[in-house]
Amino acid sequence: MIKPKLHYYDLGSGVVAFSSTRHGGVGTDTHASFSINKYCGDDVEAIALNRKALASELGIETERLIVPHQVHGVESRLIANDFFSLSQPVRDQILDGVDAVMTNEAGVCVGVSTADCIPVLVYDKHHHAVAAIHAGWRGTLRHIALKTVREMTVNFGSVANELMAVIGPGISLKHFEIGQEVYDQFASADFDMDAIAQLYPVREKKEGEPPMKWHIDLKRCNRMDLEMAGLDSSKIMDSAICTFDSVEDYFSARRLGIDSGRIYNALILR
């Protein structure tokens, strides 16, 4: 029997929030064993079986699993009930190029896929609404978490300081080495570089390279954006899981390669 092993977050009785692990599915090699993302080279049948198992675990139909095709942008989609009356090709088109999804429909699982990038899950218990955000370094650079929270205020009437958020498994400061050009982009995007960046010795120094390189704390970047959006810092939870260090349990593209499985980070309203 396929039974995905999920890492749950406690956000209250009205919602189920979780990140999937690598365990409990049927994938193999770098997709082993649980992944539901069809855009990363996994076997189609394995994805279908894993999706069916996850839907069963959550008590919903597989079509209620929302898995966008992410492009490291900042576009979001609101999933309303009429979404499910559309044909599958139209649904796929709506979710193409999307890096954040939100809903206030019960029984709809909205999630994003990650493998070192930072997932952010947001819950509004007062308006019974949720959002899942994929914040890679490019999305973080463009403040996708801040943007999505502001969209929740428009779509649901959310009040930022009433929201709860989870920062899920992602790469840590220690392992996120970047080039000077990326550092400069973050500096130009009004991030506090003293707070988010640190120099580390180069892991594999090449001839002509400097001995030290910048590392950026993407989790802290997104926490700062959530706080800038108005969230209370005490209502922002951090899973404290580094995907690079925890590759046995969570997918890491920097450890396994891009052609590997993905963590599914999601929320479903009850």
Cβ neighbours within 10 Å, averaged per peptide: list 213-220, 111-118 in order, most packed at the top.
111-118, 213-220
Starting from the Cα of residue 8, step 7 Å along the direction of its Cβ; do the same at residue 194; then give the gap between the two resulting points in nm.
4.3
Kyte-Doolittle mean at least -1.0 and Cα axial length at least 18 Å: DSSP H helices in the chain
44-58
Express in whole angstrom the spacing between the alpha-carbon centres of segment 1-56 and segment 107-147.
18
At a Cα cut-off below 26 Å, give the lysines reachable from residue 3, other chains included and same-chain residues fewer than 8 away excluded.
38, 52
For residue 187 and residue 161, FRET efficiency with R0 = 22 Å and r from the beta-carbon atoms, rounded to 0.05?
0.15
Full extension from residue 254 to residue 270: what is 0.36 nm times the residue separation minus their Cα-Cα distance, to one decimal in nm?
2.2 nm
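Take every DSSP beta bridge whose two residues both sit in the chain, then give the antiparallel share in percent to the nearest 5.
Around 80 percent of the beta bridges assigned by DSSP in the chain are antiparallel ones.
Given an 8 Å cut-off on Cα distances and at least 6 residues of separation, report the relative contact order of the chain as a percent.
Relative contact order for the chain comes out at 25 percent.
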Express in Å², to the nearest 10, the accessible area of residue 3 obtained by rolling a 1.4 Å probe over the protein heavy atoms while all chains stay in place.
120
Return the aspartates and glutamates within reach of residue 174: Cα separation strictly under 17 angstrom, same-chain partners fewer than 8 residues apart disregarded; answer none if there are no such residues.
116, 194, 204, 217, 238, 245
Please list, or write none, the lysines whose alpha carbon is within less than 25 Å of the alpha carbon of residue 125, excluding same-chain residues fewer than 8 places away.
147, 219, 235
What distance in nm lies between label points placed 7 Å from Cα along the C-beta direction at residue 180 and residue 202?
1.1
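The values are calculated or read from the model by the stated rules, or taken from the named source; none is laboratory data. From a predicted model like this one, the values you see are computed outputs, not experimental measurements. Neighbour counts are summed over all protein chains in view; Cβ atoms, including those assigned to glycine, are modelled from backbone coordinates with ideal geometry. SASA here: full protein model, heavy atoms, side chains in, ligands and nucleic acids out. Shrake-Rupley method; radii C 1.70, N 1.55, O 1.52, S 1.80 Å.
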